[in-house]
Amino acid sequence: MGTWTAYDGELGAAVARAQAGDEAAFAVAYRMVQPGLLGYLRCLVGDDAEDVAADAWLEIARDLGRFRGDGAGFRGWTATIARRRALNRPRGERVRPRAVTGEVDDAPVLPGTDSTQDRTREPLSAAHALELVCRLPRDQAEAVLLRVVVGLDGPAAARVLGKRPGAVRTAAHRGLRRLARELGVGERAVSDDGTGAPGEPE
């Protein structure tokens, strides 16, 4: 996703330094990834998101030397670990919440295109926007969160979810259309790739 290029360049550099033993660089990578990751987890486990994220970061730190990839790859890797942690929680603790609590105002905002996610985000608090996404069907909510909040492209989001890119693209498209209808935003803002950003290759 073009608008994440500079962000991922900085993130990738921080990860590389962290792998070389720079603890301050690991803290930089954490600060860059954690807000989006926490927003995603709040839709999966509600108020337990911070605990799940903490467990995930322990695993990320432990296995950092095994990671191979750039900044975008690191975001996908961390999301995969966090999702697995969330889904492995005891069954009674894995019910997806219908409301979102806690601080999510630091969640990253994707700049750039005049798209549905940009339009729906502008008049809303981050917490309200996230709550609306969490009300979507599970597959749509996860697809939208991974694409918009975590910032993954279609293939990367598909790898996190264990699905085909086309299925994730369709779920994201349907989810954004639902949000557009609920917020009174024209559905024409949603492009065929399911992100609202025209022309992104899958």
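The values are calculated or read from the model by the stated rules, or taken from the named source; none is laboratory data. Keep in mind the model is a prediction, meaning the values are calculated, not measured. Counting neighbours? That spans all protein chains shown, and the Cβs are built from the backbone with ideal geometry, glycine included. What goes into the accessible areas is simple: the full protein's heavy atoms, side chains included, and nothing from ligands, DNA or RNA. Shrake-Rupley method; radii C 1.70, N 1.55, O 1.52, S 1.80 Å.
Taken along the Cα-to-beta-carbon direction at a fixed 7 Å, the label points for LEU183 and ARG17 span 3.4 nm.
Protein heavy-atom surface of region 2-93, 1.4 angstrom probe: 51% of the accessible area is carbon and sulfur, with nucleic acids and ligands not counted.
Scoring 60-69, 130-139, 161-170 by mean Cβ neighbours within 10 Å over their residues and listing the highest first yields 130-139, 161-170, 60-69.
Where the alpha-carbon atoms of region 2-93 are placed on the principal axes, they occupy 39, 29, 20 Å, in descending order.
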